Amino acid sequence: MPDGVRPVPGFLKKLIPLLILTALAGYIIVAVRKPSVPPELAPEQLTLRDGMSVLAPTPIWEELEAYQETIDRETFLGELGKIYSAGEAWKETIQIEEDHAMIAADTENKLKLRFAKPGVAKGPIKRYWRPVSEMPPAGNREKRPLSGVKIAIDPGHIGGTWAQMEERWYQIKNKGTQVKEGELTLTTARILKPMLEKLGARVWLVRRDLEPITPRRPEDFKALATTYSDSRIRWNSEKFFYRYDEIRMRAWHVNERIKPDLVLCLHFNAEAWANPRNPTFVDRNHLHLLINGTYSKGEFAKQDQRLHLLKRLLQRIHPEELALSTSVAEAMAKETGLPPWTYDTANAKSVNDSPYVWARNLLANRVYTCPVVFLEPYVMNNREVYERIGAGDYEGEKMVAGKIRKSIFHEYATGVANGLANYYRKTRR
Ligand SMILES: [Zn+2]
């Protein structure tokens, strides 16, 4: 020790290793938790790219290698044509041979997916979610049919101060109830969560308040919006924020953090209401549920959409999603008394006997890599629905819009809970 340098006091000598250990422990905790930090957008995501959807991360086609020889030709082709494709839209990007499929991957390469020989499919299938057939016995199947089932509830949209930007808002002549879809879905989610927990489920809310999940804001997408259009820069940058980035961030939370057995996407439907400050009311009120499917030619042409579709197909998400959605649709119809909505457009098709269930390709039912039950009950600009929303949530039943009934939120949540309970009571060991 050189002259003039004071020795380190004894207590400090003891403290130093402790400080180093604390710092090290802190570093390890941060390092271990690192994968759970939401991803930043890569620079290429903020550019306009051919064959890619807005803001889509660059697809990793190698992910499909895990599914070699896990599905037979008949199942693959059957589901591709019957569920996922609008007409023969798939034929420009996927080629079916005797024992394999050639799939257009990125712009230069094709991926060869080998089929399983009938009856000798390799397993287990790589996926984070469990179909009911792989769940342990429920214990008390009557009282707790959802025992251990992991459910993520995604209350659609944001609401609050964002509702007008989202175009999910209206108010009559600037007075009275403000109808905001993002708040209606959150109120329903908060009622539904304890109902599902009582049935044995483990439940997460993807959004807990009236704020977005994404840390980004419309101004972060201004440069990208400029490359799309000169006239609607503000409108586009807002859309990139609340619709695309927000939904992709929710999917990241679901797929990377929660890893549930299913997602419930809660929405309220609407018909065109023209001016949101003086809306047009309609007599119609209806119910439908969406499963993922009916990809158009243009959607097959997008690399990221093709990969999501194939992951869903190879993970066998569809059969579970359809069975769950059909059961929930039946219980919702019974609880609400609503008639089915019928599509007459090319972007949706009916795939089973249920008049309520339609296959349609939405960002929010495509990017969650697990079964999604996507609900569209109640027309928000129907007069009766408007009165029921105005009555708010309440316990039990009371006279609202000429009828003694539950609050619209309790009715919605009860329908969903009953549908899930029925499904697991019927199918679980
Ligand atoms: Zn909605």
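Things to note:
- Range in the chain, longest, excluding exposed GluC sites (Glu not before Pro) [loop by DSSP; at most 10 other beta-carbon atoms within 10 Å]: 143-394
- Restricting the range 340-411 to chymotrypsin sites (Phe, Trp or Tyr not before Pro) in coil, as DSSP defines it, with at most 13 other Cβ within 10 Å: Tyr394
- Nonlocal amide H pairs with Ile153, under 5 Å, H built at 1.01 Å: Trp204, Leu205, Val206, Leu264
- Distance cut-off 30 Å, percentage of C-alpha pairs in the chain lying past it: 50 percent
- Ordered by the count of other Cβ atoms within 10 Å of each Cβ, fewest first, Trp252, Trp235 give Trp235, Trp252.
- Hydrodynamic radius of the range 285-429 per Kirkwood, over alpha carbon pairs, in Å: 16.5 Å
- Solution diffusion estimate, µm²/s, Stokes-Einstein, the range 305-378, Kirkwood Rh from C-alpha pairs, 37 °C, viscosity 0.692 mPa s: 250 µm²/s
- Membrane-span-like helices in the chain, defined here as complete DSSP H runs extending at least 18 Å along the helix axis by their C-alpha atoms with mean Kyte-Doolittle hydropathy no lower than 1.0, are 10-33; this is a sequence and geometry rule, not a statement about a membrane.
- Order of His100, His267, His157 - criterion: other Cβ atoms within 10 Å of each residue's Cβ, fewest first: His100, His267, His157
- Residues Asp230, Asp304, Asp261 arranged by fewest to most Cβ contacts within 10 Å: Asp230, Asp304, Asp261
- Over all other residues within a Cβ to Cβ distance under 15 Å of Trp204, the charged ones net out to +4, with Lys and Arg as +1 and Asp and Glu as -1.
- Summed residue charge, Cβ within 15 Å of Arg232's Cβ, Lys/Arg positive, Asp/Glu negative: +1
- Antiparallel DSSP beta bridges within the chain, as percent of all bridges there, nearest 5: 50 percent
- Chymotrypsin sites (Phe, Trp or Tyr not before Pro) restricted to DSSP loop in the range 62-139 with at most 16 other C-beta within 10 Å: Tyr128
- Entry for the range 54-114 at q = 0.12, 0.16, 0.17 Å⁻¹: log10 I(q)/I(0) = -0.32, -0.57, -0.64, Debye formula applied to identical alpha-carbon scatterers, no solvent contribution.
- Summarising the amide proton neighbourhood of Ala116: residues at separation of 5 or more, or on other chains, whose placed amide H is nearer than 5 Å comprise Glu69, Thr70, Ile71, Asp72, Arg73.
- Counting only Cβ charges, +1 for Lys and Arg and -1 for Asp and Glu, the dipole size of the chain around its Cα centre is about 1380 debye.
- Dipole of the chain [Lys/Arg +1, Asp/Glu -1 at C-beta], most positive-end residue of Leu262, Asn361, Ala163: Leu262
- Sites listed here are trypsin sites (Lys or Arg not before Pro) in the range 87-155 whose DSSP assignment is loop and whose Cβ has at most 14 other Cβ atoms within 10 Å: Lys122, Lys126, Lys143.
- For the chain, modelled as a GNM whose springs connect Cα atoms under 10 angstrom apart, the maximal fluctuation among Met380, Met102, Met195 occurs at Met102.
- Column: log10 I(q)/I(0), Debye, Cα scatterers of the range 228-359, q = 0.17 Å⁻¹: -1.27
- For the chain, the 222 nm mean residue ellipticity estimated from helices alone, with every DSSP H stretch of n ≥ 4 adding -39500 (n - 2.57) and the total spread over all residues, rounds to -10000 deg cm²/dmol.
- Residue (of Ala101, Tyr67, Ala86) at the positive-pole extreme of the range 54-114, dipole from beta-carbon charges: Ala86
- Across the chain, Cα pairs under 8 Å and at least six residues apart give a relative contact order of 20 percent.
- Between the range 168-192 and the range 93-150, the alpha-carbon center distance in angstrom: 38 Å
- Taken as Cα centroids, the range 397-429 and the range 194-224 sit 23 Å apart, rounded to the nearest whole angstrom.
- A simple count of charges around Lys112, restricted to other residues whose Cβ falls under 11 Å of its Cβ and scoring Lys, Arg +1 and Asp, Glu -1, yields -1.
Coordinate-derived values only; no laboratory data. What you are looking at is a predicted structure, and each value in this text was computed from that prediction instead of being measured. Ideal geometry is used to build each Cβ from the backbone, glycine not excepted, and the neighbour counts take in all protein chains shown.
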